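Student: For reference, the structure I am asking about is given below.
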């Protein structure tokens, strides 16, 4: 009989969370000078998206944040951190971080769709299609989170792994269990990850007991989670509530109507932490047909969600593969966003999401890992798979116009994700006034698979090599809202040589 | 201006090669007892392919090798290494290695197609198609290996990285330069990697001066490389020569005829190290058309190679995407093998190799990384991409029959590759009498992305998690012919906790 690691050991109950404010002293490869202020100035290579078509690379620039982690300046006219401190008012005593020559700052990655309870199933169960996979793998695993202690064990490991892989913001699907969902919210807050979280709502179409007792119970439990999240994070600084109908085919009209009312009520409530919606849409033709069978009389899937008041600028829709032109028109009009899950869509042979067409319609698009139908929690992998799917569309059609360019992939993984999560005012790039959600990446290490060896033409090559060949080893520091929350330096993991 | 790492530092001129025979003492997580003999017995979980449809997992078994690294027994009836030593004649004093509970032995991975000189370009240049990529990236890079010192620097780093990623056998394409190619052969021998190596032959169709002076020069240089390889490794224990027409569109009839004669002559010579053929075929419709324009009158691409005597059981053909039924019939009849390069074919939008159809025709298939058109040197990545491409064929056609099963992916990465390289009598699985080319994999570490956490159903889950979520961090030891040549234990890289 196989005996894996014990649960306690595997999911890190014993591990201490990383401190919210960790000293940078002693981190290898980075020159840090501590001064009295908690303001910080970074100096070195800074890379982020200006638009879908433009990645901006500042070769030697400085970025200053205040003691709340808000970006106060990005300045490419100075030659050192000291010069930046002298030039910018209030930064005379700032702590400075000078990056190494093979390092760069990059915005935190944004995972717009991830199923937290499915985490243990990753890499397993790709034999069939979506229906078979749900019945054999997803439903029994999700149902098991009636055991809240299991949620505690799994989510602590998962959130830390997500952060180590650079996902500073994640839109999580949970299970049908309010208590387990609240554990997820607590865990994100504890480890300092920005997250959109809701309790999944399922009444029909599921197996292995993975459904709720009644529409009334489902609504009461969703409201309970919204209240809990607003209680632990009133300003929505990190954790934000969302309403989660699993998909149209799982939520009959009476519950969908109730969720629409809940959304409307909570959206109009006087709060700094507004509710969002996260749902699945048009993943497979069968699921679309099932939705129409359950919700008769709608012209399109989008019309159904829109009818119940669940479509708006804070709505995140996973997949959106088998859309009609009508769907796209309604989506664009309501300013909903799409989580493009290229890896899972390929693994389950769901189909190809036509990202170019979505962008041409003006629809917001971000990337999602969709674990465990996708087998990687890394948004770098999502970028590669999004590139691949766009290329398979080109192979399928003969039209190179489907291909996503590299600058577009960078945008989708950062700014696009921020837009989908309705957080583009706060994160996604290094705009002044935004929160400093950032990765300190080192592509000059010895013990990874990145071969930067001096033949690169320019700085863009360094970014491409990280995106296509890199992994969490390169992510030395992860900041959320200016706080150091993860990264290999924090864990003290061997770094190899970063050549100066 | 960007300044990367200096060449010297980046490509490891200063690094010592790993010793051919390294002590296992002190390797963490593995209990080793040294005795007088150099025979070895491993005990623990052993996984390999029995056939395309069957991965065999021996949960607790022992494997014994002699002092030349030949497998003398695989025995699942014993309960410990000591019991295996007592039972098998000649092993009373063998050195024993007992694997940890989250470890397993796996056959060395086989990369059936990799362009050594393109290594520095990895992850760069995916903007266009094959033609644009060759003109802008491949041709200038390959031409630069007229500088043999550059070959020395690049190939030392590359061979070590290939080994660390578990590729114990690689079929390398080189450049048009005999001296640089000989450096590649020397390097593989030095670091202990099994390799098929030839000098690339190009007369037309290339740019940036990346072609040879004449057919006579090309032939003389290829013969020079064959002689060199037979001189440094007469028995072909590790390094084997091959003849390398880049593709039909690069080698006009007079040179192709000369290569056919060289192959025939060298195949009939009295040697223990027979020559192989490695070439490209049917990568894009344009390349096929260019071949037909250069070699008029042939019914198919396969007929052309076959006409010149280059088709046989030791022929490796990269890509084979745009095949006709006639191509496949000739390929099956001549017992040639196909290197399926799913990653590069996707990156360059070459098309989908129809692996199921090749297998149904009885054609040998292995996996290739095809760096740098592919961006990963890991055959684990090739397995994922081969899975993906097979699923995109299912999406394209609606027929689930195109999907490659997990057992098939394992076979292609190991035994299939051995067959393609005409090495299936020697490597590919743990058959008695074969060379011990093996990886010691640990899927219980803390600092990777593999989440084995006790919810796995069986041992197969451990293998799937390594294949889909793992990387070189899990590869603790790499053996070629029984010699420890690479692996994270050898490099002393932090291992994290492997839970007992």
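The values are calculated or read from the model by the stated rules, or taken from the named source; none is laboratory data. Everything numeric in this text was worked out from a predicted model, so none of it was measured. Methodologically, a virtual Cβ is constructed for each residue, glycine included, from the backbone with ideal geometry; neighbour enumeration extends over all protein chains shown.
Student: Within the range A:194-208, can one find any residue that is part of a loop (DSSP other than H, G, I, E, B), without any contact (Cβ under 8 Å) to a residue 40 or more places away in the chain and over 24 Å from the mean Cα position of the chain (by Cα)?
Tutor: no
Student: Looking at B:279, B:318, can you tell me which residue is in contact with a strand residue (DSSP E or B) (Cβ under 6 Å, 6 or more places away or on another chain), in the same structural domain as residue B:222 (by the TED database) and without any contact (Cβ under 8 Å) to a residue 40 or more places away in the chain?
Tutor: B:279
Student: Can you spot a residue in the range B:66-75 that is crowded, with 23+ Cβ neighbours inside 10 Å, in contact (Cβ under 8 Å) with a residue 60 or more places away in the chain and either outside any helix (DSSP H, G or I) or over 21 Å from the mean Cα position of the chain (by Cα) (or both)?
Tutor: no
Student: Another question, then. Residue by residue through the range A:25-45, note down the ones that are modelled with pLDDT of 95 or more and within 14 Å of another protein chain (Cβ to nearest Cβ).
Tutor: Across the range A:25-45, the qualifying residues are A:44, A:45.
Student: Yes or no: residue A:93 out of contact with any strand residue (DSSP E or B) (no Cβ under 8 Å at 6 or more places or on another chain) and surrounded by fewer than 23 Cβ atoms within 10 Å (Cβ to Cβ)?
Tutor: yes
Student: Let me ask something additional. Out of curiosity, is residue B:114 part of a strand (DSSP E or B), farther than 18 Å from residue B:479 by Cα and either out of contact with any strand residue (DSSP E or B) (no Cβ under 9 Å at 6 or more places or on another chain) or within 14 Å of another protein chain (Cβ to nearest Cβ) (or both)?
Tutor: Yes, satisfied.
Student: Name every residue in the range A:142-177 that is in a helix (DSSP H, G or I) and surrounded by fewer than 24 Cβ atoms within 10 Å (Cβ to Cβ), in order of residue number.
Tutor: A:143, A:144, A:146, A:148, A:149, A:150, A:152, A:153, A:156, A:157, A:160, A:161
Student: Within the range B:441-490, track down each residue that is in contact with a helix residue (DSSP H, G or I) (Cβ under 8 Å, 6 or more places away or on another chain), in contact (Cβ under 8 Å) with a residue 24 or more places away in the chain and within 7 Å of chain A (Cβ to nearest Cβ).
Tutor: Answer for the range B:441-490, where residues must be in contact with a helix residue (DSSP H, G or I) (Cβ under 8 Å, 6 or more places away or on another chain), in contact (Cβ under 8 Å) with a residue 24 or more places away in the chain and within 7 Å of chain A (Cβ to nearest Cβ): B:447, B:452, B:464, B:468, B:471, B:472.
Student: Just give me the residues in the range B:117-141 being in contact with a strand residue (DSSP E or B) (Cβ under 7 Å, 6 or more places away or on another chain) and in a helix (DSSP H, G or I), in sequence order.
Tutor: B:118, B:119
Student: So, one more: Look at residue A:378 and say whether it is within 13 Å of chain B (Cβ to nearest Cβ) and either modelled with pLDDT of 95 or more or crowded, with 24+ Cβ neighbours inside 10 Å (or both).
Tutor: Criteria met by residue A:378.
Student: Just one of (1) away from every other protein chain (no Cβ under 14 Å); (2) closer than 30 Å to residue B:437 by Cα; (3) buried (at least 24 other Cβ atoms within 10 Å of the Cβ) trips up residue B:134, so point out which.
Tutor: All conditions are met except number (2).
Student: Checking residue A:267 against (1) touching a residue at least 24 places away in the same chain (Cβ under 8 Å); (2) more than 22 Å from residue A:337 (Cβ to Cβ), which single condition isn't satisfied?
Tutor: Result: residue A:267 passes all but (2).
Student: Additional query: When you check residue A:384 against the structure, is it within 14 Å of chain B (Cβ to nearest Cβ), within 18 Å of residue A:464 (Cα to Cα), touching a helix residue (DSSP H, G or I) at 6+ places or on another chain (Cβ under 9 Å) and surrounded by fewer than 24 Cβ atoms within 10 Å (Cβ to Cβ), yes or no?
Tutor: no
Student: If only one of A:235, A:247 is assigned by the TED database to the domain that holds residue A:345 and without any contact (Cβ under 8 Å) to a residue 40 or more places away in the chain, which one is it?
Tutor: Among A:235, A:247, only A:235 is assigned by the TED database to the domain that holds residue A:345 and without any contact (Cβ under 8 Å) to a residue 40 or more places away in the chain.
Student: Continuing with this model, one more query. Test residue A:117 against the stated conditions and say whether it is modelled with pLDDT of 95 or more, over 22 Å from residue A:480 (Cα atoms), within 30 Å of the chain's Cα centre (by Cα) and buried (at least 20 other Cβ atoms within 10 Å of the Cβ).
Tutor: yes
Student: Oh, and also: Taking residue B:365, is it within 10 Å of chain A (Cβ to nearest Cβ), under 29 Å from residue B:175 (Cβ atoms) and without any contact (Cβ under 8 Å) to a residue 60 or more places away in the chain?
Tutor: Here the answer is no, as residue B:365 does not meet what is asked.
Student: Based on this model, can you work out whether residue A:88 counts as modelled with pLDDT of 95 or more, within 30 Å of residue A:404 (Cβ to Cβ) and not assigned by the TED database to the domain that holds residue A:414?
Tutor: In short, no.
Student: Consider the range A:404-430. How many of its residues are in contact (Cβ under 8 Å) with a residue 24 or more places away in the chain and either out of contact with any strand residue (DSSP E or B) (no Cβ under 7 Å at 6 or more places or on another chain) or farther than 27 Å from residue A:58 by Cα (or both)?
Tutor: The number of residues fulfilling the criteria is 5.
Student: Right, something else. Please indicate, with yes or no, whether at least one residue in the range A:149-156 is over 20 Å from residue B:450 (Cα atoms) and either out of contact with any strand residue (DSSP E or B) (no Cβ under 6 Å at 6 or more places or on another chain) or at pLDDT 95 or above (or both).
Tutor: yes
Student: Condition first: over 22 Å from residue B:195 (Cα atoms), touching a strand residue (DSSP E or B) at 6+ places or on another chain (Cβ under 8 Å) and within 14 Å of chain A (Cβ to nearest Cβ). Now tell me which residues in the range B:329-362 satisfy that.
Tutor: Hits for the range B:329-362 are B:345, B:347, B:350, B:353.
Student: Still on this structure, I have one more. May I ask you to list the residues in the range B:273-286 that are surrounded by fewer than 22 Cβ atoms within 10 Å (Cβ to Cβ) and in a loop (DSSP other than H, G, I, E, B)?
Tutor: B:273, B:274, B:284
Student: Can you tell me which of (1) in contact with a helix residue (DSSP H, G or I) (Cβ under 9 Å, 6 or more places away or on another chain); (2) facing another protein chain (nearest Cβ under 8 Å); (3) farther than 22 Å from residue B:340 by Cβ is the one residue B:403 doesn't meet?
Tutor: For residue B:403, the failing item is (3).
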